[in-house]
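The values are calculated or read from the model by the stated rules, or taken from the named source; none is laboratory data. No experiment lies behind these values; they were computed from the predicted model shown. Quick reminder, even Gly has a Cβ in these numbers, built from the backbone with ideal geometry, and neighbours come from all protein chains shown.
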Amino acid sequence: MRQLAKVALNAYGLADTRLKFLKQAGNTLYRVNEASPSHTTKAELYTPGQYMLRIHQPGYQTPEAIVLELAWLAAMCRDANLPVPEPVSTLDGKLLTQVSIPGILEERTCSLLRWVKGREIKREQVQPHHYRAQGQLMARLHNHAAHWQPPRGLAKRKYDWDGLFREDGGAGIPASEAWSLLPQEYLQPFDLVTRRVKLVMDAWGKASQVYGLIHGDLGLDANVLFWGGEARAIDFDDSGFGYYLYDLSLALEHCQEDEALPQFRDALLDGYARVRSLPEDQLEYLDLFLAAYYVYLSLYAAAAAQVYPRHREELLRRMERASRLVEHYLSTC
């Protein structure tokens, strides 16, 4: 994979670099450092001469979906000066490159992003002002998505009703089949949540003020960095088309059992409202959309437990927590 990474970097004119393997998380990720970094614009946002090289997981996303993600990132950088990774084009002006080398069975799609400055906030250090900054960031992302026209012919996954509860969530088994893999006691509460959220989605439709491109995995526990008090978003790999309220609800997923949840929630919504209006008749469904995520997560976990048996225990723990939080939602709504 390191040899493949070096070949991929040639397409960007980056032969004289140092590579540091970061992790294998579906995609294979490398940090790239130029030996002699040149001056760069937006030095307050990007580390000069440093990049993230992604060798994309075969079969997880189509090249067209990756191009859409990169085109959206480029538009956010160009049009709105948003603090997100900026794609680097190849020498021939493409947003990605396809690489084959001996020893790797399949051709791999690779993309390169400028390295965003920032640090993650440790759980014990999180304060309401972090959620306020995150809310402002999410509102800016949603504002841009609501007005940006994606290039024709490009598609990405959908976080609508079918995308959450019927289609493949990434484990290789469609959610429609994963329902049969759930523990019996999960079925009634999960079905109730999916029926409730379907009524809301059907009533709202997919107008640009409620539905568009979303990050899909933006939380203080992952994919949000801070620099000089500013929240910055990274890792748009799971971005897709969905309801903005669903995206917003995910920001509160990891702190649902934290005693400071009310303060965090208020700060998140306050930050969001400072940039983008959120009507009360939408906000009242925030907890429902989060409950819908827990159903989706459980369907993914049930499917993944079949595909990745060595992770079965961890996946079952995630399902148990999701079920507990769905029950809590239903008992309080």
Within segment 12-50, residues under 23 Å from A233 (Cβ atoms), without any contact (Cβ under 8 Å) to a residue 40 or more places away in the chain and assigned to a strand (DSSP E or B) come out as K20, L22, K23, Q24, A25, T28, L29, Y30, N33, P48, G49
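Per-residue answers, yes or no, for (1) in contact with a Gly (Cβ under 8 Å, 6 or more places away or on another chain); (2) among the small types (G, A, S):
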position: A11; (1), (2): no, yes
position: L19; (1), (2): no, no
position: L22; (1), (2): no, no
position: N27; (1), (2): no, no
position: Y30; (1), (2): no, no
position: N33; (1), (2): yes, no
position: P48; (1), (2): no, no
position: Q57; (1), (2): yes, no
Conditions (1) at pLDDT below 95; (2) closer than 30 Å to V7 by Cα: number failed by R114: (1)
Residue check, F165 at pLDDT 95 or above, under 28 Å from N27 (Cβ atoms) and of a type outside the set (A, V, I, L, M): yes
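Listed here are the residues, each with its yes/no results for (1) over 25 Å from G170 (Cα atoms); (2) touching a helix residue (DSSP H, G or I) at 6+ places or on another chain (Cβ under 7 Å).
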{"site": "T194", "(1), (2)": "no, yes"}
{"site": "S208", "(1), (2)": "yes, yes"}
{"site": "A233", "(1), (2)": "no, yes"}
{"site": "G242", "(1), (2)": "no, no"}
{"site": "L248", "(1), (2)": "no, yes"}
{"site": "E259", "(1), (2)": "yes, no"}
{"site": "S298", "(1), (2)": "no, yes"}
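Consider M138 carefully, then state whether it is free of Cβ contacts under 8 Å to residues at least 60 places away in the same chain, among the aliphatic types (A, V, I, L, M) and surrounded by 15 or more Cβ atoms within 10 Å (Cβ to Cβ).
The answer is no for M138.
Tell me whether segment 274-283 contains one or more residues that are under 15 Å from Q134 (Cβ atoms), surrounded by 21 or more Cβ atoms within 10 Å (Cβ to Cβ) and either modelled with pLDDT of 95 or more or more than 12 Å from the chain's Cα centre (by Cα) (or both).
Within segment 274-283, none of the residues are under 15 Å from Q134 (Cβ atoms), surrounded by 21 or more Cβ atoms within 10 Å (Cβ to Cβ) and either modelled with pLDDT of 95 or more or more than 12 Å from the chain's Cα centre (by Cα) (or both).
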Filter segment 85-105 for residues that are touching a Cys at 6+ places or on another chain (Cβ under 9 Å) and surrounded by 14 or more Cβ atoms within 10 Å (Cβ to Cβ); which is nearest to M1 (Cα to Cα)? V99
Just checking, how many residues over segment 51-82 are touching a residue at least 24 places away in the same chain (Cβ under 8 Å), surrounded by fewer than 18 Cβ atoms within 10 Å (Cβ to Cβ) and among the charged types (D, E, K, R)? 2
List the residue pairs whose Cβ atoms are under 6 Å apart, where the first residue sits in segment 162-174 and is among the β-branched types (V, I, T), the second is in a helix (DSSP H, G or I), and the two are 6 or more positions apart or on different chains. I173/A303
